[in-house]
Amino acid sequence: MEETFANYILNEQDWIRKMEIMYYLEKKGNVFFDKTVILKTELVKLFIDVMDIKDINKNIVITASLLCDCRKPSNFTDISKVKSYAQEGAKYLENLGFSKRFCKICEEVNRYTKSEPREKESDILELVDNFGGMILDRFDRIAFKPDEALLLLEYRNLKGKPNVYLEQFIEFVEKMQKAHIGLHRGIEYLSKIINTSRTTKVALLNSYNSERDIKIALQKIEDSPKQEKEEYVEDIKINPEEIETIVLKRS
């Protein structure tokens, strides 16, 4: 078999090593890779693990999460680039030896190309891309709280757009928010520890540590008596009619 970059990164089963490969590839100036990619990939992995998703190839989805933004522009004021980067990235990945299906999964991280029928792996990328982007600070707004981001995801971003994993993703976020690590809940802890990392390389290490801490916290909940579990439950108190207010508050 011809040795290609595609074979190289897909054959690497350790996801931290995969991120290290991406880190050095970015240093050569070939791809977009920063802390947002690390956070979203960590969310992808946790979603698959925590919800025990069996009907996809985990290695493919994690690798696609690392690469689907490979041509993402740093300048988000150019709307044409925002709309075309996923398609351009898919073409670039095909040149690196990835299969047409893998490239299609990456292209469908958003819906600008209106590719149909969608790959189910793309639905995971879409959920994490939308949600992960909202829980991080941006130059034009502060981060949304996880419950706000979840509401916007369901009733604004994906309204009228069928996504096969939406209900499981909502359950995943709710589970994560029951886990307490120090003073933070699971999602806030993950976004804070990666977002405040000084460099991308530090974020790689913090990603590994945060996953371990979250899984320990989730296991403690599973091992607790039923009445203790109920103490962690917090219903989302925002209703869909408040969406516009939420967006204005974060602007």
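The values are calculated or read from the model by the stated rules, or taken from the named source; none is laboratory data. Everything quoted here is computed from the prediction, not taken from an experiment. Quick reminder, even Gly has a Cβ in these numbers, built from the backbone with ideal geometry, and neighbours come from all protein chains shown. The area values use the complete protein model at the heavy-atom level, side chains included, leaving out ligands, DNA and RNA. Shrake-Rupley method; radii C 1.70, N 1.55, O 1.52, S 1.80 Å.
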TODO: Give the residues of the stretch 158-177 that are within 15 Å of residue 111 (Cβ to Cβ), of a type outside the set (Val, Ile, Thr) and either open to solvent by 50 Å² or more (accessible area, probe 1.4 Å) or at pLDDT below 95 (or both), sorted by residue number.
DONE: 159, 160, 161, 162
TODO: Residue by residue through the stretch 126-141, note down the ones that are in a helix (DSSP H, G or I) and more than 17 Å from residue 45 (Cα to Cα).
DONE: 134
- [ ] Taking the residues in the stretch 196-217 that are in a helix (DSSP H, G or I) and open to solvent by 60 Å² or more (accessible area, probe 1.4 Å) as candidates, determine which candidate is farthest from residue 16 (Cα to Cα).
- [x] 216
Task: Sole exception among (1) open to solvent by 50 Å² or more (accessible area, probe 1.4 Å); (2) under 21 Å from residue 135 (Cα atoms); (3) of a type in the set (Gly, Ala, Ser) for residue 65, by number - done: (1)
Task: Extreme residue, farthest from residue 24 (Cα to Cα), among residues of the stretch 86-105 that are in contact with a Phe, Trp or Tyr (Cβ under 8 Å, 6 or more places away or on another chain) and open to solvent by less than 10 Å² (accessible area, probe 1.4 Å) - done: 86
Task: Cβ pairs under 7 Å, 6+ apart, first in the stretch 165-186 and farther than 24 Å from residue 123 by Cβ, second aromatic (Phe, Trp, Tyr) and buried (at least 19 other Cβ atoms within 10 Å of the Cβ) - done: 181/189
Task: residue 35 open to solvent by 50 Å² or more (accessible area, probe 1.4 Å), of a type outside the set (Gly, Ala, Ser) and within 14 Å of the chain's Cα centre (by Cα) - done: yes
- [ ] Among the residues of the stretch 125-153, count how many are farther than 16 Å from residue 188 by Cα, buried (at least 18 other Cβ atoms within 10 Å of the Cβ) and acidic (Asp, Glu).
- [x] 2
TODO: Kindly indicate the residue of the stretch 218-227 that is part of a helix (DSSP H, G or I) and of a type in the set (S, T, N, Q) and also most open to solvent (accessible area, probe 1.4 Å) among those meeting that condition.
DONE: 227
Task: Looking only at the stretch 180-195, and only at residues there that are modelled with pLDDT of 85 or more and among the small types (Gly, Ala, Ser), the one that is surrounded by the fewest Cβ atoms within 10 Å (Cβ to Cβ) - done: 191
Open item on the list: Being open to solvent by less than 20 Å² (accessible area, probe 1.4 Å), out of contact with any Leu (no Cβ under 9 Å at 6 or more places or on another chain) and of a type in the set (Ser, Thr, Tyr): is that true of residue 122 here?
Closed with: yes
Task: Candidate set from the stretch 7-32 (those that are among the basic types (Lys, Arg) and part of a helix (DSSP H, G or I)); member that is nearest to residue 129 (Cα to Cα) - done: 18
- [ ] Take the stretch 90-117 and flag every residue that is outside any helix (DSSP H, G or I) and farther than 19 Å from residue 157 by Cβ.
- [x] 96, 97, 98, 99, 117
Open item on the list: For the stretch 33-89, which positions are touching a Cys at 6+ places or on another chain (Cβ under 7 Å), touching a residue at least 24 places away in the same chain (Cβ under 8 Å) and either in a helix (DSSP H, G or I) or among the hydroxyl-bearing types (Ser, Thr, Tyr) (or both)?
Closed with: 64, 67, 86
